[in-house]
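Peer 1: A single structure is presented below for examination.
The values are calculated or read from the model by the stated rules, or taken from the named source; none is laboratory data. Bear in mind that the values here come from a model prediction, so they are computed numbers and not experimental data. For neighbour counting, all protein chains shown are included, and Cβ atoms are generated from backbone atoms with ideal geometry for every residue, glycine included.
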Amino acid sequence: MLNSLIEKKEGGRVTLKVTIPAQEFDKTYAQALKKVAREHNFPGFRKGHAPKPVIEARLGQPYILSEAASMAISKTYLQAMKDHEVQPFGEPEYDVEQIEVNKDFIYNIIVDVLPEIELPEYKGIKVVRNVYSVEDDKVDTILLDLQKRQAQLVAIEDRDVVEDGDYILFDFKGFIDGEPFEGGAAENYTLQVGSGSFIPGFEEQLVGKKVRETGEVAVAFPEDYHQEAFAGKPAVFEVTINEIKKEELPELDDEFAKDVSDKETLEELKQQIREDLQKQLDERSKVELEDQLLEDIVQRAEFDVPPKMVEIQVEHMLNDFKYRVEYQGLSWESYLEYSKQTEEQLKQEFEPRALKAVKNYFVLNEIAKVEDIKVSEEDLDQKLEEIAEGYQVTKDMIRDYYEQNNRLSDLVYDMVTQKTLQFLVDNATVEEKVVEPEED
């Protein structure tokens, strides 16, 4: 008969001590003997018919005991966890404490468990909602950015001396120790002087140089330059200014609005920009409010955070970061070399955020369970329809994508999370605070 007890419960981990009586384990040992007899060849005996002494002499009793232990654990560990209402996540670890023929078999199950959460009062929390409004200069900044995207570079005819901020077309050829180096030369290269695109000290020396005159620029590569062969080395560049240009912005008028948008007038474009900015500010206000509520509840909730779950979250964050680095065209190894960091150092940086994410997950999950917050099939259909409209495809195509990539459950979880956060907002005592521009 199986005997088990909770040996230790600490930090989201439970250790169960399981004892299988000697009589029962001896039966399992006999089954293990039959199993290995079928799996191995023993000279002089048909497969599966070698006697116990021969098997033990050939394979060794420790080997057969290990087989018996595996069989005994696989038959009993689920029942042991069920007896103590242990809800595990991840794979359990096993530690054999006693294993001998004719003696009780004793082993430990070490498993990470979902924590028992004592929720504090989460309704009626007093919070402040920041109210932001769009400033005129923010609209002007967006318009200027649109102008710059449509800008043209035109030649400066009344000046032949380079000034800071000018756009120039120039030739250059670099030398280290008097020898040209790979990647150190170009013709008719376009550069905005003062943009900081070149080695520190290079662009400042272009100011004052004249068109069609050849001169020199002396610099030193930074000590931490990404190409180690050049790091810290002095270099001389031979430069020739071919042309000086300036940025010419298009006029801000109705024609400009038609060129850069689907609006007919400049005023309509400004209004659209203002509405888009206000949506961003409203979303910022919403997220800040939700963060306030969640942080308040998490700080007052009592539960142990399973270390394993934090590790899993850290790995998830690292993989996501790695994907974004490689998506930008940089290899992971190059990034680590350039940033002078190791994966372990990055994991340590991610750990506080991972811990916060895990705590938020457990609290929101528990509130959703208590309040019976769910996502109906109608809710899911509507969400899939919204996503489909954004990508201009059919709802069925979006559903197929989520199902084929095993992401439908993630989408449902995100929706439950948003409904739970909205529930907290709806049940909070909210005071609005108008944020002045200088406070923003």
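Peer 1: In the set Val14, Val18, which member is over 18 Å from Glu100 (Cα atoms), out of contact with any His (no Cβ under 7 Å at 6 or more places or on another chain) and either surrounded by fewer than 14 Cβ atoms within 10 Å (Cβ to Cβ) or touching a residue at least 24 places away in the same chain (Cβ under 8 Å) (or both)?
Peer 2: Result of the check over Val14, Val18: Val14.
Peer 1: Please verify whether region 191-200 includes one or more residues that are farther than 25 Å from Arg149 by Cα and out of contact with any His (no Cβ under 8 Å at 6 or more places or on another chain).
Peer 2: Yes, because at least one residue in region 191-200 is farther than 25 Å from Arg149 by Cα and out of contact with any His (no Cβ under 8 Å at 6 or more places or on another chain).
Peer 1: Here is a follow-up. Can you tell me which residues in region 270-296 are hydrophobic (A, V, I, L, M, F, W, C), touching a Leu at 6+ places or on another chain (Cβ under 9 Å) and over 21 Å from Ala428 (Cα atoms)?
Peer 2: The one that is hydrophobic (A, V, I, L, M, F, W, C), touching a Leu at 6+ places or on another chain (Cβ under 9 Å) and over 21 Å from Ala428 (Cα atoms): Ile273.
Peer 1: Continuing with the same structure: For region 170-185, which positions are assigned to a strand (DSSP E or B) and exposed (fewer than 14 other Cβ atoms within 10 Å of the Cβ)?
Peer 2: Glu179, Pro180, Glu182, Gly183
Peer 1: Before we move on, is Asp400 without any contact (Cβ under 8 Å) to a residue 60 or more places away in the chain and surrounded by 11 or more Cβ atoms within 10 Å (Cβ to Cβ)?
Peer 2: On the way: without any contact (Cβ under 8 Å) to a residue 60 or more places away in the chain: yes; surrounded by 11 or more Cβ atoms within 10 Å (Cβ to Cβ): yes.
So Asp400 passes the test.
Peer 1: Could you tell me which residue of region 187-232 is farthest from the chain's Cα centre (by Cα), considering only residues that are surrounded by 15 or more Cβ atoms within 10 Å (Cβ to Cβ) and either acidic (Asp, Glu) or assigned to a loop (DSSP other than H, G, I, E, B) (or both)?
Peer 2: This residue is Lys209.
Peer 1: Also, I was wondering about something else. Can you run down the residue pairs with Cβ atoms below 8 Å, 6 or more apart or on separate chains, where the first is in region 270-286 and part of a helix (DSSP H, G or I) and surrounded by fewer than 15 Cβ atoms within 10 Å (Cβ to Cβ) and the partner is at pLDDT below 95 and among the acidic types (Asp, Glu)?
Peer 2: From residues that are part of a helix (DSSP H, G or I) and surrounded by fewer than 15 Cβ atoms within 10 Å (Cβ to Cβ), there are no pairs.
Peer 1: How about region 54-94: which of its residues are outside any helix (DSSP H, G or I) and either closer than 15 Å to Phe25 by Cβ or free of Cβ contacts under 8 Å to residues at least 24 places away in the same chain (or both)?
Peer 2: Gly60, Glu85, Glu91, Pro92, Glu93, Tyr94
Peer 1: Are any residues in region 117-169 in a strand (DSSP E or B) and among the aromatic types (Phe, Trp, Tyr), and if so, which ones?
Peer 2: Once the filter is applied, which keeps residues that are in a strand (DSSP E or B) and among the aromatic types (Phe, Trp, Tyr), region 117-169 yields only Tyr167.
Peer 1: Taking the condition in a helix (DSSP H, G or I), touching a Lys or Arg at 6+ places or on another chain (Cβ under 6 Å) and not assigned by TED's automatic domain parsing to the domain that holds Gly12, does Leu289 pass?
Peer 2: Yes: the conditions hold for Leu289.
Residue-by-condition table, conditions (1) of a type outside the set (Phe, Trp, Tyr); (2) more than 16 Å from Glu248 (Cα to Cα); (3) in contact with a strand residue (DSSP E or B) (Cβ under 8 Å, 6 or more places away or on another chain):
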| site | (1), (2), (3) |
| --- | --- |
| Lys148 | yes, no, yes |
| Leu153 | yes, no, yes |
| Ile156 | yes, no, yes |
| Tyr167 | no, no, yes |
| Phe170 | no, yes, yes |
| Glu182 | yes, yes, no |
| Ala185 | yes, yes, yes |
| Gln192 | yes, no, yes |
